[in-house]
Amino acid sequence: MHRRRTWILPLVLLSLCAPLLGFTQGSPAFTWSANHFPAQPDHQSLGPVHGGVAVDRAGNVYVSTDTPRGILVFGSDGRYQRHFGPDFIHGLYLQREADVEYLYAARPSKHEVLKLKTDGAVVWTMGYPRESGIYSKPEEFNPTNIVALPDGTIFVADGYGKNYIHKYDKDRNYVKSFGGQGASPAEDGKFNRCHGLAVDLRGRKPLLVVCNRESGRVEHWDTDGNLVKVLLRGLRMPAAAAVYRDYIAVAELKGRVTILGKDNTIAAQLGDNPNEKQQANYDLDPAQWTDGICNSPHGVAFDRRGNVIVSEWSKFGRLHLFTLQR
């Protein structure tokens, strides 16, 4: 009996100390952080946000807007720092390459994608994939998102255009296209608005996370352009995704953010708005906003601590921080 107590006590102590050691038990819990981001950065409204969010290694937050200020930069403390062009960036993806961080950006209204330095300097610009044979003119190419793998392979989602995802090698040579326009909802293997992209490095091989928005689905695709699995159906217009450790965050345009766990089942849901009149409402007046409740999540990112940052599709501009409880 005495020997039994000697191993029970350490287990009890370990369970009590688990949060201090960085272990997590059960589903993740998040708390909305009030006033983390300023409503009037540099004494101006955030302005129309129809873009994305990215976070660098230092914790700086990049938010793209449809304003002359282009991309706004906030510190890890939420304070506004600076802005830089170009404007009308839709999707944002940050990649670290040889100890330098770059932003990959989709610009649908200009029918192009770009690679930028974090000071706004343009590294390169790329238009529509003429080699694909899919387009008869540049204006048919309206990309919503772009991501890069660690080996430099690039994927571009033409979510406002032909609904193909285009693959390029590290030297930007065209490789192939996959997907294409489907029904509503699209049949498996097709897209009805391949709106958001993310890179999932949780497994043995990289996978793409694709937000098949009008189909209400989030999907895994392999890097050869094959549908691996539909992760979740019945979502409320999934617009963007981000991956952090075991988790995938999905911004649903109709008023919610869903967190998937390691097994790709729902682990948490943030800012759920049951009011259908406020969901995906670009013109919703700030007087009708509710603290901690999302109206139109369009961009999403994790910071280095696992907190979730959300930008809303809003002509007034709105940002949220949901803090991971440890």
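The values are calculated or read from the model by the stated rules, or taken from the named source; none is laboratory data. Model, not experiment: these values are computed from the prediction. Cβ placement follows ideal geometry from the backbone for every residue including glycine, while neighbour counts extend to all protein chains displayed. Just the protein is used for accessible areas: all its heavy atoms, side chains included, with ligands, DNA and RNA removed. Shrake-Rupley method; radii C 1.70, N 1.55, O 1.52, S 1.80 Å.
Observations
- Evaluated against (1) buried (at least 16 other Cβ atoms within 10 Å of the Cβ); (2) assigned to a helix (DSSP H, G or I); (3) aliphatic (A, V, I, L, M), Ile259 falls short on exactly one condition, (2).
- Unique match (being under 17 Å from Val243 (Cβ atoms) and out of contact with any Lys or Arg (no Cβ under 7 Å at 6 or more places or on another chain)) among Lys229, Lys137: Lys229
- Looking only at the range 310-326, and only at residues there that are in contact with a Leu (Cβ under 6 Å, 6 or more places away or on another chain) and in a strand (DSSP E or B), the one that is surrounded by the most Cβ atoms within 10 Å (Cβ to Cβ): Ser311
- The range 111-127, subset touching a residue at least 24 places away in the same chain (Cβ under 8 Å) and under 19 Å from Tyr164 (Cα atoms), residue surrounded by the fewest Cβ atoms within 10 Å (Cβ to Cβ): Met126
- When the range 50-75 is filtered for residues that are open to solvent by 10 Å² or more (accessible area, probe 1.4 Å) and under 14 Å from Lys117 (Cβ atoms), the ones remaining, listed by number, are Asp56, Asn60.
- Condition met for Gln269 (in contact with a Gly (Cβ under 7 Å, 6 or more places away or on another chain), open to solvent by 10 Å² or more (accessible area, probe 1.4 Å) and at pLDDT 95 or above): no
- Selected residue [open to solvent by less than 10 Å² (accessible area, probe 1.4 Å) and not in a strand (DSSP E or B)] from Gly78, Gly161: Gly78
- Here the condition is being under 30 Å from Ile266 (Cβ atoms), touching a strand residue (DSSP E or B) at 6+ places or on another chain (Cβ under 8 Å) and open to solvent by 10 Å² or more (accessible area, probe 1.4 Å); of Phe37, Phe88, it holds for Phe37 alone.
- Among the conditions (1) more than 17 Å from Gly51 (Cα to Cα); (2) under 22 Å from the mean Cα position of the chain (by Cα); (3) open to solvent by less than 20 Å² (accessible area, probe 1.4 Å), Tyr104 misses just one, which is (1).
- Meets criteria (open to solvent by 10 Å² or more (accessible area, probe 1.4 Å), in contact (Cβ under 8 Å) with a residue 24 or more places away in the chain and either touching an Asp or Glu at 6+ places or on another chain (Cβ under 8 Å) or not in a loop (DSSP other than H, G, I, E, B) (or both)) for Lys176: yes
- Residues (open to solvent by 40 Å² or more (accessible area, probe 1.4 Å) and polar (S, T, N, Q)) located in the range 128-155: Ser136
- The single residue among Ala186, Ala198 that is open to solvent by less than 20 Å² (accessible area, probe 1.4 Å), among the aliphatic types (A, V, I, L, M) and in contact with a helix residue (DSSP H, G or I) (Cβ under 8 Å, 6 or more places away or on another chain) turns out to be Ala186.
- Flag for Gly47 being touching a Lys or Arg at 6+ places or on another chain (Cβ under 8 Å), surrounded by fewer than 19 Cβ atoms within 10 Å (Cβ to Cβ) and of a type in the set (Gly, Ala, Ser): yes
- Scanning the range 115-154 for residues being closer than 23 Å to Asp99 by Cβ and touching a Leu at 6+ places or on another chain (Cβ under 8 Å) gives a total of 10.
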